[in-house]
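Contents: one structure, followed by commentary.
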Amino acid sequence: MSRRNREEPAADVRLPRPADRDAWLKLWTAYHAHGPQGGAPPPAEVSAATWASFPDPAMPMHALLSEREGGVVGFAHMVVHPTTSLGGPAGLLLDLFVEPSLHGRGIGRALMEAAFRLAEAEGAVRLTWNVRTDNGAALRLYDRLGSPSGHMVYRRELGARRAIEG
């Protein structure tokens, strides 16, 4: 049985509102500092552009916030994009974070379930996400919600990235 009290609601999940910016930024900073590879958040202008992209209908970026007892305690960010072989668009979960003191209470699951619904409402036929192999708690949740794709993720920083970081 999970650590979560089954009678206790996990959290309400909703779209962000302009007044949520400061609470989101606090979590965004904690997200980047979290875990063994933690560090500083992106430069302020990148974080500002990220926040500004959420309500912009011209951008494919979506955000969901989890709220518990009047405070924002987690977020999920995703994009819906065209695909070459699925016969429809796909969703890609970019970020998922829950305040660490609230882990194990169903908030991550609530965010994931809301992301599934949002992606489907946007016409996506699949939602994919990446996870660090050393993130045991996330892996346990994700094993209940989906299945590993069998793909490895590679990356290479490109010139535009180096220009942003100065």
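Take the residues in the stretch 116-151 that are in a helix (DSSP H, G or I) and aromatic (Phe, Trp, Tyr); name whichever of them is modelled with the lowest pLDDT. Quick ask: steps written out before the conclusion?
Taking the stretch 116-151 first, the residues in a helix (DSSP H, G or I) are 116-121, 136-145.
From what is left, the residues that are aromatic (Phe, Trp, Tyr) are 116, 142.
Working: 116: 95, 142: 89.
That would be 142.
Does residue 95 meet the test of being out of contact with any Asp or Glu (no Cβ under 7 Å at 6 or more places or on another chain), assigned to a strand (DSSP E or B) and among the acidic types (Asp, Glu)?
Numbers: out of contact with any Asp or Glu (no Cβ under 7 Å at 6 or more places or on another chain): yes; assigned to a strand (DSSP E or B): yes; among the acidic types (Asp, Glu): yes.
Spelling it out, residue 95 is indeed out of contact with any Asp or Glu (no Cβ under 7 Å at 6 or more places or on another chain), assigned to a strand (DSSP E or B) and among the acidic types (Asp, Glu).
Looking only at the stretch 70-102, how many residues end up being in contact with a Phe, Trp or Tyr (Cβ under 9 Å, 6 or more places away or on another chain) and closer than 19 Å to residue 22 by Cα?
Going through the stretch 70-102, the residues in contact with a Phe, Trp or Tyr (Cβ under 9 Å, 6 or more places away or on another chain) turn out to be 72, 74-78, 91-98.
This time we only want the ones that are closer than 19 Å to residue 22 by Cα, so: 72, 74-77, 95-98.
Count: 9.
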Exercise. Of everything in the stretch 98-115 that's in a helix (DSSP H, G or I) and surrounded by fewer than 17 Cβ atoms within 10 Å (Cβ to Cβ), which residue is modelled with the highest pLDDT?
Worked result: 113
Problem set entry | Failed criterion for residue 74 (all others in (1) out of contact with any Asp or Glu (no Cβ under 7 Å at 6 or more places or on another chain); (2) at pLDDT 95 or above hold) | (1)
Problem set entry | The one condition in (1) farther than 18 Å from residue 16 by Cβ; (2) in contact with a Gly (Cβ under 8 Å, 6 or more places away or on another chain) that residue 148 fails to fulfil | (2)
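Restricted to the stretch 95-142, and to residues that are among the hydroxyl-bearing types (Ser, Thr, Tyr) and free of Cβ contacts under 8 Å to residues at least 12 places away in the same chain, which residue is farthest from residue 12 (Cα to Cα)?
If we filter the stretch 95-142 for residues that are among the hydroxyl-bearing types (Ser, Thr, Tyr), which is where we start, we get 101, 128, 133, 142.
Now narrow it down to the ones that are free of Cβ contacts under 8 Å to residues at least 12 places away in the same chain: 101, 133.
Working: 101: 17, 133: 28 Å.
It comes out as 133.
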Problem set entry | Which listed residue, of 41, 57, 16, is in a loop (DSSP other than H, G, I, E, B) and either more than 17 Å from the chain's Cα centre (by Cα) or within 23 Å of residue 144 (Cα to Cα) (or both) | 57
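The values are calculated or read from the model by the stated rules, or taken from the named source; none is laboratory data. None of the values given here were measured: they were computed from a predicted structure. Every residue, glycine among them, receives a Cβ derived from its backbone with ideal geometry; neighbour counts consider all protein chains shown.
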